[in-house]
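Peer 1: Take this structure, written in structure tokens, and hold onto it; I'll ask about it next.
The values are calculated or read from the model by the stated rules, or taken from the named source; none is laboratory data. What you are looking at is a predicted structure, and each value in this text was computed from that prediction instead of being measured. Cβ: placed from backbone, ideal geometry, glycine included. Neighbour counts: every protein chain shown.
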Amino acid sequence: MKKLFTLIILSCIALNGSSQIQQNTEEIRLIIRVDDIGFSHGVNLACIETLEKGIATSVEIMVPAPWFPEAAKMLAERPELDVGIHLVLTSEWQNLKWRPLTHAQSLVDNDGYFHPLIWPNDKRKGEATFLLENKWKLGEVEAELRAQIELAKKYLPHLSHFTAHMGCIQMDPKVKELAKKLGEEYMIDIYPEDFGVQRMPGFGGAQTTPEEKIENFIKNLDTLTPGLWLFVDHPGLNTPEMQAIGHKGYMDVAADRNGVTIALTDERVKKAIEEKGIKLVKYSDLKKSN
């Protein structure tokens, strides 16, 4: 009897130890999402570079943006890439604008473009208009979002998920519910939140140099614990096209986004991810594991 009791105790200790080892070796999984492909030619090139030569794992396409046709062609030629649609209800830049795909009078400014911002912003009053200060119609929001999804799926039938540009689907509970409905209907309903995702800290601000972005990113990798993490940023190139794009409070777009591209393709960053045993995953991997 005494021997049996001892064996039970030892078995319990062994099981607890095994459980502890399993918990300690749980993977750190990291989605690196690059947004706004379709926004400009420079952004298209930069996003592809970070996906093919860097560490980016998922990319978000903006359908109403002017360089959508090129972006769709690039991504259609690379069906192995994980693509999400970045739903759009704003057009925030001063020298670059886009309009709805549909007749959506309640969603546009006096010139027929999407409003620059969803929510009122004191810093941009006087030079920007805000969607929520206008009498927007839910029916027009639905028609527009449907049109964007259907055009994206026309060229990219392997579209895996959706996200929201400038947080547009958070503008109202009805819009959030609508987006959820459309996600299920078009089978692009992958939500990292369902997997307990945490947001990885960013590069440290738009004013940081490429070298600072690299250093900050590697430091931030050290803070990650087992579980699912999401890092989001916006690659670009420092070209005359990008240098002409900006808005009040953010005019150094080209330099900042070029730095993002450099950091996401840097060999030191790749090495740090490998050394820390971090597993890079895509949105579509979450659907496979669900």
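Peer 1: Read through the list (1) modelled with pLDDT under 95; (2) in contact with a strand residue (DSSP E or B) (Cβ under 6 Å, 6 or more places away or on another chain), then give the number of the only condition that Ile278 fails.
Peer 2: Checking Ile278 against (1) modelled with pLDDT under 95; (2) in contact with a strand residue (DSSP E or B) (Cβ under 6 Å, 6 or more places away or on another chain), the one that fails is (1).
Peer 1: Any residue in segment 213-238 that's on the phi > 0 side of the Ramachandran plot: show its pairings with residues that are outside any strand (DSSP E or B) and surrounded by fewer than 19 Cβ atoms within 10 Å (Cβ to Cβ) at Cβ separation under 7 Å, as long as the two are six or more apart or on different chains.
Peer 2: Pairs found: Gly227/Gly196.
Peer 1: Same structure, new question: Go through segment 73-109 and give me each residue that's under 18 Å from Thr50 (Cα atoms), without any contact (Cβ under 8 Å) to a residue 40 or more places away in the chain and in contact with a Leu (Cβ under 7 Å, 6 or more places away or on another chain).
Peer 2: Result: Leu81, single match.
Peer 1: I'd like the residue in segment 171-193 that is over 14 Å from the mean Cα position of the chain (by Cα), in a helix (DSSP H, G or I) and in contact (Cβ under 8 Å) with a residue 24 or more places away in the chain and, out of all such residues, is surrounded by the fewest Cβ atoms within 10 Å (Cβ to Cβ).
Peer 2: So the residue we want is Lys174.
Peer 1: Filter segment 263-290 down to the residues that are more than 11 Å from Phe217 (Cβ to Cβ) and in contact with a Pro (Cβ under 8 Å, 6 or more places away or on another chain), then identify the one that is surrounded by the most Cβ atoms within 10 Å (Cβ to Cβ).
Peer 2: Result: Tyr283.
Peer 1: Among the residues of segment 96-128, how many are modelled with pLDDT under 95, out of contact with any Lys or Arg (no Cβ under 8 Å at 6 or more places or on another chain) and not charged (D, E, K, R)?
Peer 2: Matching residues across segment 96-128 total 3.
Peer 1: Pick from segment 122-144 the residues that are part of a loop (DSSP other than H, G, I, E, B) and touching a residue at least 12 places away in the same chain (Cβ under 8 Å): which of them is farthest from Glu185 (Cα to Cα)?
Peer 2: Glu127
Peer 1: Conditions first: (1) at pLDDT 95 or above; (2) of a type in the set (S, T, N, Q); (3) assigned to a helix (DSSP H, G or I). Asn16 passes all but one, so which condition is the exception?
Peer 2: Only one criterion is unmet by Asn16, namely (1).
Peer 1: Out of the residues in segment 213-227 that are of a type outside the set (A, V, I, L, M, F, W, C) and outside any loop (DSSP other than H, G, I, E, B), which is surrounded by the fewest Cβ atoms within 10 Å (Cβ to Cβ)?
Peer 2: Among residues in segment 213-227 that are of a type outside the set (A, V, I, L, M, F, W, C) and outside any loop (DSSP other than H, G, I, E, B), the one surrounded by the fewest Cβ atoms within 10 Å (Cβ to Cβ) is Lys219.
Peer 1: Here's another thing I want to ask about it. Between a residue in segment 146-170 that is at negative phi and assigned to a loop (DSSP other than H, G, I, E, B) and any residue that is surrounded by fewer than 16 Cβ atoms within 10 Å (Cβ to Cβ) and small (Gly, Ala, Ser), which pairs come within a Cβ distance under 8 Å, given they are 6 or more apart or on different chains?
Peer 2: Leu156/Ala76
Peer 1: Which ones in segment 231-259 are among the hydrophobic types (A, V, I, L, M, F, W, C), closer than 17 Å to Met166 by Cβ and either modelled with pLDDT under 95 or part of a strand (DSSP E or B) (or both)?
Peer 2: Val232
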